[in-house]
Structure formats: C-alpha cells, structure tokens
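What follows draws every value from the coordinates through simple rules; no lab data is involved. Values in this document were obtained by computation on a predicted structure and should not be read as measured data. Cβ atoms come from the backbone with ideal geometry, glycine included; neighbour counts cover every protein chain shown.
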Amino acid sequence: MKKFAESDADIATLRAAGQGDSPYVNYVAGVNYFVQGDHAKAAEALEASKRGMQEPYLPREYYLAATYLSLGRLEQARAQAQLVSSMAPRSSTATQLMGAVQISQSELGAATETLSKAVADAPDDVALLKMLGYVSLLVAKPEDARKYYERALALEPDSTSIREALDIAKLMTGQALEADMASGLGEAAMQGDDATRALFRALAAFRDGEIADALKQAQALHEKDPKAVDPIKLIAACYLVAGQWDTARTHLQQVLQLQPNEPSAAKNLARIEMHDGNLEAARKLPERRRGCAPRRRGGSAVLAMPGDAPVGRGGKRSRAGGGLREGA
C-alpha cells in the first residue's frame, strides 16, 4: 500500500534526528516524491542523495533518469539513461529509459532501432513491445504497431491500456473494430416503434450503398428527435463513407456530447484525429470502460456505427462518392 503520509512522517523523524543529509534518507524521500508525482522535489532529494554518495547506485540512477524525463530535462535524462545502461546493459528498464529519451527528442529512427534490438533479445517483454508499438504509430507504421500490440495483448490479455493502443493501431490501418450491425436486426425492427423501424430502413439503405438516401432518412429522424443518438451516428457514418471527414467529425462530437461513453463514435473520431496527425487527441478517445453502459433494445441494440469500414481520407468510398450535402 502507498502509505505516503506514514513515509513522510518517518522521513521527517529521521531528519529531526540529524539524519537529513543521509544519502539513504534522501533516496527514500526522492522515491516517495516520485511515486506521488512531485517530480521537482524528487529531483532535489535524489540529487542530494547523489551528492552524499557519489558512487553509482542503480535504483537511484533509474529514478533520477525517470525524474529528469518527467521534468523535460532531456539531456540530463539521457546522461542518466546512459549511466543506467552501462551499469545494467541487458536491463529492459535501461532500454525503456533510453527509448523514452529518444522518443521525447524525436529521434524516432534511433528509438526504433534501440527497442527492436531489445525485443529481439526479449520477445516476451510487454513493456518493450508496448513502446515499440507506440513508436511505430509515431512513424506511421500502424501495421507494425498492430502486430506489436497484439503480441503484448497475448501476454497480458486483461490489459485495458494495451487494448486501447491496439484499437488505435487498427483505426490507423482502417480495420473495422466492430461488426457493422449485430445479428437479429430483423427481429429488433419488427419489435420496435415507428422511429426504430424508420431507423432500420435508413440502416438498410446504408448497408445497400444508398448513402445519400440513408443520409436523408437519418436527417429526418434527427429533426424529429434532436437528442436521439443513433440518427446522428448514422449521419456521421454517411459522411465518413463519403470521405467528408470534417463534417463527420462535427457529428461524432455531437454524439459524444450526448453520450460520452459511446464507443464506436469515439473510435471513429479517433480515426479522424489519427489521420490528421493528432496522436495524443486520438489516444484519449477510444472507449475507456468497456461495457460501461448496457445497450438498449431496438436501434441502439444493433447500431454499432456502420461507418467503421472506411479506410481513410481519399480511400475506398461508397457509391455516393463525395457528393453528400450537409443538412443536419
């Protein structure tokens, strides 16, 4: 357990007893600050520990390198990472540090080489696979990223963060993340109300490639019920298929305003951000809590965002081409 208050109290007691200059006390204080996220104080304490005991101590050198990296003091971080590497040349942690420094300084080719060599020696190292997947995204090699994240996920199948990263890689390669429509569409349509049946007629038009007709029907549904999420999702999907990504973005954002945890809208919006080079924005978008809200019967039970199929700007389009008009 992270008993920070107790640790702080113990450190204060030792300092009151005249042990404030002890390299060990400063080291423990530095680690405590680092874990709590106070990197400025962590740097002060770890540097004080190093002044008191100049002989390299591997755990301290690692924390100091990570602290410098967190503070953006990249040249100091590089020097510390090199020191850690010299002390433990086959250490995965040392490689991660150096790779992180290289990525932070946009040395993506060097980072790829560093991490690739390490993964060749340690093919089951999840942390290295995740980093190599990340740098592959940065250098626009999403297929490589997908393979690395799939390997990492096979080793840690319950990892949410790896699943999210894999989602991003799939988005960049244009792979569908969900089935266009779940089975049982006909049954749900028969059981639904007029609005639901109208939605399914619009979905059928979309499925058949009649994108302009699907858009017209979805817009009519949206006018009748502006807060209904599914018609807006279908409108966005139509614009995605037609390659009108900026218009699709507006409607996807509207979906997320109404239903923040809607997974397919988040994923498609992430796709747009990735193709626009907004990596950090894209990483924040995929579903953070899987199964966070039960799907209702009727339209929402089967509409998983039919626009998951488009492959990117200028990519494969439907019969509608790029001639859709904005009307919602």
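Distance from the alpha carbon centroid of segment 236-254 to that of segment 20-67 works out to 50 angstrom. Computed 3J(HN,Hα) for segment 23-37, one whole-Hz value per residue from the Karplus formula 6.51 cos²θ - 1.76 cosθ + 1.60 where θ = phi - 60°, is x, 5, 4, 5, 5, 4, 4, x, 5, 4, 5, 4, 5, 7, x, glycine and proline marked x. The share of Cα pairs per 10 Å bin across segment 100-154, counted from zero up to the longest distance, runs 28, 59, 13, 0 percent.
Is there a pair in 130/284; 147/233; 41/130; 41/284; 147/284; 224/267 whose C-alpha atoms are over 18 Å apart, and which pairs would that be? Don't skip to the end; give the middle numbers.
Numbers: 130/284 16 Å; 147/233 30 Å; 41/130 29 Å; 41/284 29 Å; 147/284 21 Å; 224/267 27 Å.
In this structure, 147/233; 41/130; 41/284; 147/284; 224/267 lie more than 18 Å apart at Cα.
Among 201, 90, the ranking by other beta carbons within 10 Å of each residue's beta carbon, starting with the fewest, stands as 90, 201.
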